[in-house]
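*Asks:* Handing you a structure now.
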Amino acid sequence: MIKKGVAVSGLVLGSLLSTHALAQTEGAEYYNDRYCMTCHGADGMGSEGIRGPRLAGMEPWYIKRQLENFRAGVRGTHEMDVPGTEMRPMAVPLTDASITDLLEWIGGWEYKPTEITLTNGDAAAGQPLYGTCAACHGAEAQGNEALGAPALAGQNDWYLFAQLKNFKAGYRGTHAEDTYGAQMVPMAATLADDTAILNVVSYINTLGR
Amino acid sequence: MTNPVSRREFMNLLGATFGTGALIRVGSALGMLPAVAALTRPVLAAPAPGAGTAVILGAGISGLTAAWELAKAGYDVTVLESSNRAGGRVMTLRSGDVVDEIGNRQVCEWDNEPHMYFNAGAARIPSTHRNLLSYCKELGVDLEVFINESKTALIQDDAMLDGKPIRNAEVSTNVRGFLGELFAKSFTTAQLDQPFTESEAETIMGLIRQFGSLDREMNYKGSNRAGYVSGGFIDHGVQKEIIEFKHLMKSRLISQTLSANEGETGPLLMQPVGGMDRIIAGFTRALGDRVKYKTPVMSVMVKEAGVEVAYLQDGVPQTITADYCFNCIPAHFMAGIEHNLPGDYMQAMKYIRRGEAIKGAFQARERFWEKEEIYGGISWTSAPIRQLWYPSHGIHKEKGVILAAYDFGNGGEFTRLSQAERVEWLLKGGEKLHSNYRQMVEKPITIAWHRMNHMLGCSARWGRSGGGMTMEEEGLYHTLQAPALGRHYMIGDQISFHGAWQESAILSAHWALADMDQRVRSAA
């Protein structure tokens with residue numbers, strides 16, 4: 001991620017200039033689709049108050065896939081996934097062009113270390129459980145684009161916890177077209193209960209970023 | 001009545017009939033009736049040398065109040081507002097305005113006329129809200145009367161009288177008749193808890209008779225207070241038939257009807273001429289270019305030497321350092337803004353739940369309610385829209401804007417619907433009250449405060465127990481009210497016991513200003 005941060009610095013400037021130019025358009029009040037920070041926090045740092053996960057440092061290919069999934073109703077349609085159903089209407093009006101614009105914008109956000117909020121888990125007990133996850137997400141939870149598996153290290157722990165619960169309960173990953181999500185459902189099923197989920201997330205917390 | 005009914009028993013009976021809570025509680029947002037607030041306008045000392053800067057986060061009414069008082073005292077003030085408009089949940093919609101709901105942007109297409117507006121957030125000013133009223137006076141905001149209750153407005157409940165709407169006057173007259181008769185009978189036969197003299201008893205009986213519109217025998221036989229079916233002016237009036245209490249008591253709305261117009265939402269209420277945001281315009285006019293729009297806050301660092309705030313302006317990072325910071329950003333956003341606020345502060349912020357109030361509005365092609373002798377006030381229904389509000393202003397104009405729904409506590413279900421589904425939901429509800437509703441209204445607007453950009457919630461919810469705050473909740477509240485390092489204050493109706501009122505937001509700002517002022521004075 002540090003490498004990426006350097007690589008995108010040129011993009012940041014570019015995107016700022018283009019936003020600025022758009023904002024100066026005469027006439028009607030300017031609106032675009034750059035709403036992300038309202039829910040996902042300043043510079044996409046994640047916002048527990050809204051249950052909006054961290055976007056800073058998230059892989060562009062993963063964000064793209066999820067935005068397309070939300071837009072198509074592949075994700076965010078199960079009524080028990082309340083934050084997901086809140087995300088979906090945001091994605092529905094997006095065009096491919098505005099998704100590209102958002103990826104460029106989000107890519108410019110600096111990654112800052114995530115606050116650890118789950119402190120009562122047993123990371124040591126979570127370590128062996130993580131073995132299953134490591135196959136796709138990597139031993140350091142750094143992610144693997146070839147397998148379509150995003151980085152887990154550095155993501156908000158409360159979000160990882162919520163998503164594992166969603167996969168386990170079938171609130172996510174059960175849509176026929178959610179190919180990658182479908183792979184997560186049996187994986188999450190290997191975690192016996194909330195304590196196991198808490199422990200594995202606690203282990204991911206130790207991997208840092 | 002062979003068993004005398006004591007007054008205490010009578011009150012118990014009342015409570016059992018209506019629910020004590022229901023009698024005094026209109027809803028969580030309107031739940032408590034605080035005493036008339038004293039005028040707390042602070043008289044701030046001039047700033048200490050080299051300590052005269054203040055940054056205000058958010059141009060909601062609490063932020064604007066703080067900014068204005070500080071500016072008058074000689075502070076150098078900057079207000080950072082993430083939206084393109086000031087006011088927060090004090091929002092008035094007119095032709096061309098954008099409803100910036102995330103994922104459901106709407107543009108208001110109503111006729112462009114001064115009376116064609118809708119107060120999408122705050123909409124009523126009680127006579128007792130002295131501080132708000134004093135700012136209206138100071139800032140030259142013209143006020144007019146707001147009609148909350150109309151006796152000709154309607155009450156409709158699917159569980160009552162086969163869902164047929166009846167007039168507010170029919171409800172109040174028949175309920176009072178029933179209660180008056182009940183009370184008179186118990187009074188004449190009972191040995192009361194506390195004896196009255198004969199003349200006192202006579203006075204009380206007179207009062208009861210008046211209250212219930214009873215006949216000489218203290219029986220309720222109907223009353224022209226409920227209105228006539230026909231006549232009454234130049235020929236004999238035909239009185240409406242009594243609606244028996246056993247029918248009325250089937251609806252929870254009956255107690256709502258009686259209590260909604262008492263206390264804080266009782267007469268006399270006011271509204272600014274031309275829209276509630278005239279108050280905001282008064283503040284922003286006075287503050288001038290101290291208010292910076294489209295400047296989202298990115299970080300808040302409270303340091304010994306001052307508060308450092310990073311924000312964006314036209315997408316470009318900026319920093320401002322000030323001696324004091326007054327922050328009315330909704331608490332649920334602060335977890336997503338970089339900061340160094342104390343841990344117990346954050347714990348308190350994370351505890352607060354986001355309010356889910358919703359409203360809806362239509363342009364009416366004609367003021368159809370006036371043809372039904374309704375000229376303002378509220379109709380109630382058991383449908384999820386709960387209320388229709390007829391505008392108090394623009395009487396006899398061609399068109400008007402009607403409030404099509406107001407759920408002040410549980411709008412979550414509505415929020416999750418698509419715009420088309422929401423509109424159908426509004427129409428279905430309105431049709432329960434007015435059979436021609438669907439033909440009469442157009443150009444819908446829906447307001448889901450839970451999804452509005454820069455807001456994502458209506459008034460903060462502190463209490464989770466259903467009643468007031470628990471001791472623990474009160475502790476969290478006081479934690480959040482207290483300043484961080486004597487420099488950073490959270491303000492807004494979120495820092496009050498009484499959310500959703502502008503007066504609460506103003507008083508929270510006054511509290512913070514007074515606390516700051518005390519520190520300034522004691523350091524001098």
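*Asks:* Would you calculate the separation in nanometres between label points at B:Asp215 and A:Thr117, each defined as 7 Å from the Cα along the Cα-to-beta-carbon direction?
*Replies:* Here the answer is 6.8 nm between the modelled labels.
*Asks:* Can you pull the one-decimal nm distance between simple spin-label points at B:Glu304 and B:Arg353, each 7 Å off the Cα toward Cβ?
*Replies:* Here the answer is 4.3 nm between the modelled labels.
*Asks:* Moving on. What does the protein assembly as shown give for Rg and for Dmax, in Å, if only its C-alpha atoms count?
*Replies:* Reported Rg and Dmax, both Å: 29.0, 95.
*Asks:* In addition: Assuming 0.36 nm per residue, please report the length gained on full extension of the stretch B:Asn410 to B:Glu241 beyond their Cα-Cα distance. Write down the numbers at each step before the final one.
*Replies:* Working: separation 169, 0.36 × 169 = 60.84 nm, distance 3.62 nm.
Using 0.36 nm per residue and subtracting the Cα-Cα distance, I get 57.2 nm.
*Asks:* Using helices alone, I'd like the mean residue ellipticity at 222 nm for chain A: each DSSP H run of four-plus residues gives -39500 (n - 2.57), total over residue count, nearest 500. Numbers along the way, then the final one.
*Replies:* Working: 10 runs with 114 residues, N = 209.
When only DSSP H runs of four or more count, the value is -16500 deg cm²/dmol.
*Asks:* Also: Could you tell me the relative contact order of region B:221-270? Use alpha-carbon pairs under 8 Å, at least six residues apart, and round to a whole percent.
*Replies:* Numbers: 30 pairs, mean separation 11.7, N = 50.
Value for region B:221-270: 23 percent.
*Asks:* Give the dimensionless ratio obtained when the Cα radius of gyration of region B:309-356 is divided by 2.2 N^0.38 Å. Walk me through the numbers on the way to the answer.
*Replies:* Numbers: Rg = 12.7 Å, N = 48, 2.2 N^0.38 = 9.6 Å.
Here the Cα radius of gyration is 1.33 times the empirical estimate.
*Asks:* Follow-up question, since we're still on this one. Would you compute, from DSSP H runs of 4+ residues alone, the mean residue ellipticity of chain B at 222 nm, taking -39500 (n - 2.57) per run and dividing by the full residue count, rounded to the nearest 500?
*Replies:* Computed ellipticity for chain B at 222 nm equals -9500 deg cm²/dmol.
*Asks:* Write down Rg/Rh for region B:349-413, rounded to two decimals, with Rg from the C-alpha atoms and Rh from the Kirkwood relation over Cα pairs.
*Replies:* On the way: Rg = 14.7 Å, Rh = 13.1 Å.
When Rh is taken as the Kirkwood radius, the ratio is 1.12.
*Asks:* With the Cα gyration tensor of region A:98-140 in hand, give its eigenvalues times 5 under a square root as the equivalent ellipsoid semi-axes, listed largest first in whole angstrom. Walk me through the numbers before you get to the answer.
*Replies:* Numbers: eigenvalues 190, 55, 13 Å².
One finds semi-axes of 31, 17, 8 Å for region A:98-140.
*Asks:* For chain A, what is one quarter of the convex hull surface built on the Cα atoms, given in nm²? Present the calculation step by step, with values, prior to reporting the outcome.
*Replies:* Details: hull surface 47.1 nm².
Over every viewing direction, the Cα hull of chain A projects on average to 11.8 nm².
*Asks:* Averaged over its residues, how many other protein chain Cβ atoms are within 10 Å of peptide B:330-339's Cβ atoms?
*Replies:* The shielding value for this peptide is 6.
*Asks:* Something else now. Along the three principal axes, how long is region B:167-250 when you take its alpha carbons, biggest first, rounded to the nearest angstrom?
*Replies:* Result, largest extent first: 44, 34, 18 Å.
*Asks:* Just want to confirm a number: the relative contact order over chain A, from Cα pairs under 8 angstrom separated by 6+ residues, in percent. Don't skip to the end; give the middle numbers.
*Replies:* Working: 287 pairs, mean separation 45.1, N = 209.
Reported relative contact order: 22 percent.
*Asks:* Chain B: D in µm²/s via Stokes-Einstein (Kirkwood Rh, Cα pairs, 37 °C, 0.692 mPa s)?
*Replies:* Numbers: Rh = 25.2 Å.
My calculation gives 130 µm²/s for D.
*Asks:* At 0.36 nm per residue, and after removing the present C-alpha to C-alpha distance, how many nm does the segment from B:Thr319 to B:Phe196 gain when stretched out fully? Could you put the intermediate results ahead of the total?
*Replies:* On the way: separation 123, 0.36 × 123 = 44.28 nm, distance 7.27 nm.
Difference between extended and current length: 37.0 nm.
*Asks:* Please give the FRET efficiency for A:Arg34 paired with B:Glu431, using the beta carbon to beta carbon distance and R0 = 30 Å, rounded to the nearest 0.05. Intermediate results must be reported in sequence, preceding the final value.
*Replies:* Values: r = 39 Å, r/R0 = 1.31.
In this case the efficiency is close to 0.15.
*Asks:* In degrees between 0 and 90, to the nearest 10, how far off the longest principal axis of chain A does helix A:157-169 point, with axes built from Cα atoms?
*Replies:* Orientation of helix A:157-169: about 70 degrees from the principal axis.
*Asks:* Within region A:40-74, find all residues whose amide N lies under 17 Å from a label point positioned 7 Å from the Cα of A:Thr174 along Cα-to-beta-carbon.
*Replies:* Under 17 Å, as judged by backbone N against the label point of A:Thr174, lie A:73-74 of region A:40-74.
*Asks:* Return one number: the angle in degrees, 0 to 90 and rounded to the nearest 10, between the long axis of the Cα atoms of helix B:198-212 and the longest principal axis of the Cα atoms of chain B.
*Replies:* Its long axis makes an angle of about 80 degrees.
*Asks:* Okay, next question. Along the Cα→Cβ direction, 7 angstrom out, place labels at B:Lys250 and A:Glu140. What is the inter-label distance in nm?
*Replies:* Taking the two extended label points, one gets 7.1 nm.
*Asks:* For region B:167-250, give the magnitude of the charge dipole about the Cα centre (Cβ charges: +1 Lys/Arg, -1 Asp/Glu; no others), in debye to the nearest 20. Let's see the in-between values first.
*Replies:* Numbers: 10 positive and 11 negative charges, 81 e Å.
Its charge dipole is roughly 380 debye.
*Asks:* Shifting gears a bit: Report D for region A:88-209 in µm² per second (integer): Stokes-Einstein, Kirkwood Rh on Cα pairs, 4 °C, 1.567 mPa s.
*Replies:* For these conditions, the coefficient is 83 µm²/s.
*Asks:* Along the charge dipole of chain B, pointing to its positive end and built from +1/-1 on Cβ of Lys, Arg, Asp and Glu, which listed residue (B:Leu93, B:Ser508, B:Gly394) has its Cα farthest out?
*Replies:* Result: B:Leu93, furthest along the dipole toward the positive end.
*Asks:* In a shell of Cβ-Cβ distance under 15 Å around A:Glu177, excluding A:Glu177 itself, what net charge do Lys and Arg (+1) and Asp and Glu (-1) give?
*Replies:* Values: positive: A:Arg65, A:Arg71, A:Arg75, A:Arg88, A:Arg172; negative: A:Glu68, A:Asp178.
Cβ neighbours under 15 Å give a net charge of +3.
*Asks:* Continuing with the same structure: What is the set of long-range amide H partners of B:Thr53 at a cut-off below 5 Å, with H atoms built 1.01 Å from backbone N?
*Replies:* B:Asp76, B:Asp323, B:Tyr324
Every number in this text was worked out from the coordinates using simple rules, so none of it is lab data. Quick caveat, the model's predicted, so the values are computed rather than measured. We place every Cβ from the backbone using ideal geometry, glycine too, and count neighbours over all the protein chains shown.
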